[in-house]
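J.: Mind having a look at this structure? Questions to follow.
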Amino acid sequence: MSIDKSQIKAAALDIGFHLVGVATIDDYQDNASENLKKWLDSEYQADMAWMNNPQREDIRAFMPEVQSVISVALNYYTPHQHSNDPDIGKISRYGWGRDYHKVMGKKLKALSNWLRSQDESIMTRYCVDTAPVQDKVWAQRAGIGWLAKNGNVITTKYGSWVFLGEILTNLELTPDLVHTNHCGTCTRCIEACPTNAIVEPHVVDANRCIAYHTIENRDKELPRSIADNLSGWVAGCDICQDVCPWNKRFAQETNIADFQPYSGNVRPQLRELATISEIDWDRRFRASALRRIKPAMWQRNAHANLNKEK
Ligand code: B12
Ligand code: SF4
Ligand code: SF4
């Protein structure tokens with residue numbers, strides 16, 4: 001196989017990825033599997049039982065032939081701002097536009113097809129978010145950015161407003177350097193989190209995280225400690241990213257039109273969401289990652305903000 005890393009990177013950038021890096025199946029000294037085990041043992045995954053998939057701890061269990069991981073990132077930042085009007089809800093930036101699984105999935109498929117077309121012995125498997133693969137860990141290993149204290153990967157080009165994905169391949173490629181950490185002594189995100197969900201630097205307890213409860217929690221009621229601290233959030237939460245100095249300095253508008261907000265997503269009326277019907281929900285969130293939040297959950301999240309009790 002005569003394909004090298006620079007050709008792959010050029011193809012990835014051509015397809016429209018904003019960042020691309022390569023990691024190999026080495027013994028990285030970052031304790032990623034141990035940290036994941038500790039996180040699961042502490043039950044920080046809350047009700048996300050799918051996080052317990054043992055393949056997540058060992059990428060070779062997911063794809064036995066894997067030799068290299070091509071990690072990619074897509075910038076999704078748009079310069080719109082959230083509103084602090086008490087009648088308006090806050091939807092986190094990741095969900096404003098078209099579903100990133102679709103946007104990134106299409107580009108990953110294109111890169112994967114291009115790779116396979118180079119030699120019939122090349123095997124690939126691509127993942128965005130939903131596969132049992134640690135996207136952030138591989139992104140740091142591939143030099144895309146660092147696993148920051150707020151639990152996100154930050155890049156020096158776009159801040160943390162990037163989606164992550166990867167292609168696993170049997171190709172043996174030259175790895176990039178692992179990204180160094182640039183949080184330093186800063187603790188702004190930890191102090192800003194209204195529910196103290198960042199239980200120690202880099203470690204997020206989903207049980208305490210507004211993003212988890214607004215998106216993943218299917219219960220009829222939110223826990224009181226969350227409902228009382230929503231601060232307007234109805235879908236995800238951007239607080240620990242908004243306060244990050246790297247995001248203030250490096251955010252830049254995406255060139256991907258699909259990530260521009262759907263109308264109504266930047267300034268959603270809480271009263272509308274509190275009574276949203278199945279039909280309105282279906283129309284409003286077509287091809288959106290926010291479909292994960294079912295109508296009853298939107299109603300619950302909006303009510304919690306409006307009343308602090310239903
Ligand atoms: C589960 C999950 C969640 C959970 C748990 C969050 C979390 N931080 O793990 C919940 C539902 C809360 C969530 C929320 C969000 N998520 Co989410 N989520 C995931 C998912 C599916 C798995 C993440 C995971 O493996 N968590 C388990 C923990 C153990 O993994 P980890 O955080 O990487 O763990 C590392 C640290 O704990 C660290 N660590 C532990 N101890 C120590 C000590 C030291 C010294 C150091 C350096 C490190 C360290 O090491 C561990 C690995 O080695 C990924 C997709 C994927 N397949 O990877 C998306 C993903 C992480 N989510 C994403 C996004 C966008 C979000 C939100 C921003 C959405 C929003 N606006 O509401 C929030 C951010 C919340 C936050 N502050 O983290 C993006 C992040 C992109 C980026 N730039 O980093 C991802 C990568 C999806 C994607 N493909 O783009 N998410
Ligand atoms: S997403 Fe919100 S609730 Fe979760 S850790 Fe960040 S600031 Fe805290
Ligand atoms: S706010 Fe500070 S500590 Fe938190 S992620 Fe950003 S740089 Fe790191």
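J.: Cβ-Cβ below 6 Å, separation at least six or inter-chain, first residue in the stretch 97-108 and among the acidic types (Asp, Glu), second at pLDDT 95 or above: which pairs?
T.: Close Cβ pairs (under 6 Å, with a partner that is at pLDDT 95 or above) amount to ASP99/ALA287; ASP99/SER288; ASP99/ALA289.
J.: Now for a different question. State which residue is surrounded by the fewest Cβ atoms within 10 Å (Cβ to Cβ) when the search covers only the stretch 5-19 and only residues that are under 13 Å from ASN113 (Cβ atoms) and among the small types (Gly, Ala, Ser).
T.: So, considering only residues that are under 13 Å from ASN113 (Cβ atoms) and among the small types (Gly, Ala, Ser), the one surrounded by the fewest Cβ atoms within 10 Å (Cβ to Cβ) is ALA11.
J.: Could you figure out which of (1) within 30 Å of THR156 (Cα to Cα); (2) more than 16 Å from ligand 3 (Cβ to nearest atom) isn't true of PHE250?
T.: Single failed check for PHE250: (2).
J.: Which of the residues belonging to the stretch 160-217 are within 16 Å of ligand 3 (Cβ to nearest atom), hydrophobic (A, V, I, L, M, F, W, C) and part of a loop (DSSP other than H, G, I, E, B)?
T.: Matches in the stretch 160-217: TRP161, CYS183, CYS186, CYS193, ALA197, CYS209.
J.: For the stretch 121-159: of the residues being touching a Ser or Thr at 6+ places or on another chain (Cβ under 6 Å) and more than 16 Å from ligand 3 (Cβ to nearest atom), which is nearest to LYS107 (Cα to Cα)? Give the derivation first.
T.: First, the residues of the stretch 121-159 that are touching a Ser or Thr at 6+ places or on another chain (Cβ under 6 Å): 124, 126, 138-139, 142, 144-145, 152, 154.
Retained after the next criterion (residues that are more than 16 Å from ligand 3 (Cβ to nearest atom)): 124, 126, 138, 142.
Working: THR124: 14, TYR126: 10, TRP138: 18, ALA142: 19 Å.
Out of the qualifying residues, it is TYR126.
J.: Tell me which helices (runs of 4 or more DSSP H) are completely within the stretch 229-310 and hold 2 or more residues being in contact (Cβ under 8 Å) with a residue 60 or more places away in the chain, or say none if there are none. Spell out the reasoning first.
T.: Details: elements: 239-242, 245-250, 270-274, 278-284, 295-307.
The helices (runs of 4 or more DSSP H) meeting that bar are 239-242, 245-250, 270-274, 295-307.
J.: Moving on. Could you check the stretch 164-179 and list, in sequence order, the residues that are within 11 Å of ligand 1 (Cβ to nearest atom) and of a type in the set (Val, Ile, Thr)? First the steps, then the outcome.
T.: Filtering the stretch 164-179 down to residues within 11 Å of ligand 1 (Cβ to nearest atom) leaves 164-166.
Of everything in the stretch 164-179, nothing turns out to be within 11 Å of ligand 1 (Cβ to nearest atom) and of a type in the set (Val, Ile, Thr).
J.: For the stretch 127-145, enumerate the residues that are buried (at least 22 other Cβ atoms within 10 Å of the Cβ) and more than 8 Å from ligand 1 (Cβ to nearest atom).
T.: Within the stretch 127-145, TRP138, GLN140, ARG141, ALA142, ILE144 qualify.
J.: Please report, ordered by residue number, the helices (runs of 4 or more DSSP H) entirely within the stretch 1-96 with at least 3 residues that are touching a residue at least 40 places away in the same chain (Cβ under 8 Å). Can you show your working first?
T.: Details: elements: 5-15, 32-41, 59-62.
It comes to 5-15, 32-41.
J.: Take the residues of the stretch 75-87 that are more than 14 Å from the chain's Cα centre (by Cα) and buried (at least 17 other Cβ atoms within 10 Å of the Cβ): which is farthest from LYS157 (Cα to Cα)? Spell out the reasoning first.
T.: Filtering the stretch 75-87 for residues more than 14 Å from the chain's Cα centre (by Cα) gives 78-87.
Now restrict to residues that are buried (at least 17 other Cβ atoms within 10 Å of the Cβ): 78, 82.
Numbers: THR78: 15, HIS82: 23 Å.
Within the stretch 75-87, the match that is farthest from LYS157 (Cα to Cα) is HIS82.
J.: Another one. Specify which of the listed residues (ASP176, ASP205, ASP219) is over 29 Å from THR156 (Cα atoms) and either outside the structural domain of SER68 (by TED's automatic domain parsing) or among the basic types (Lys, Arg) (or both). It would help to see each step written out before you state the result.
T.: Values: ASP176 fails: over 29 Å from THR156 (Cα atoms); ASP205 fails: over 29 Å from THR156 (Cα atoms).
One residue alone meets the criteria, ASP219.
J.: Same structure, new question: Please go through the stretch 104-114 and pick out each residue that is surrounded by fewer than 22 Cβ atoms within 10 Å (Cβ to Cβ) and either small (Gly, Ala, Ser) or touching a Leu at 6+ places or on another chain (Cβ under 8 Å) (or both).
T.: GLY105, LYS107, ALA110, SER112
The values are calculated or read from the model by the stated rules, or taken from the named source; none is laboratory data. Every value quoted in this text rests on a predicted model; they were computed, and no experiment measured them. Backbone-built Cβ (ideal geometry, glycine too); neighbour counts: all protein chains shown.
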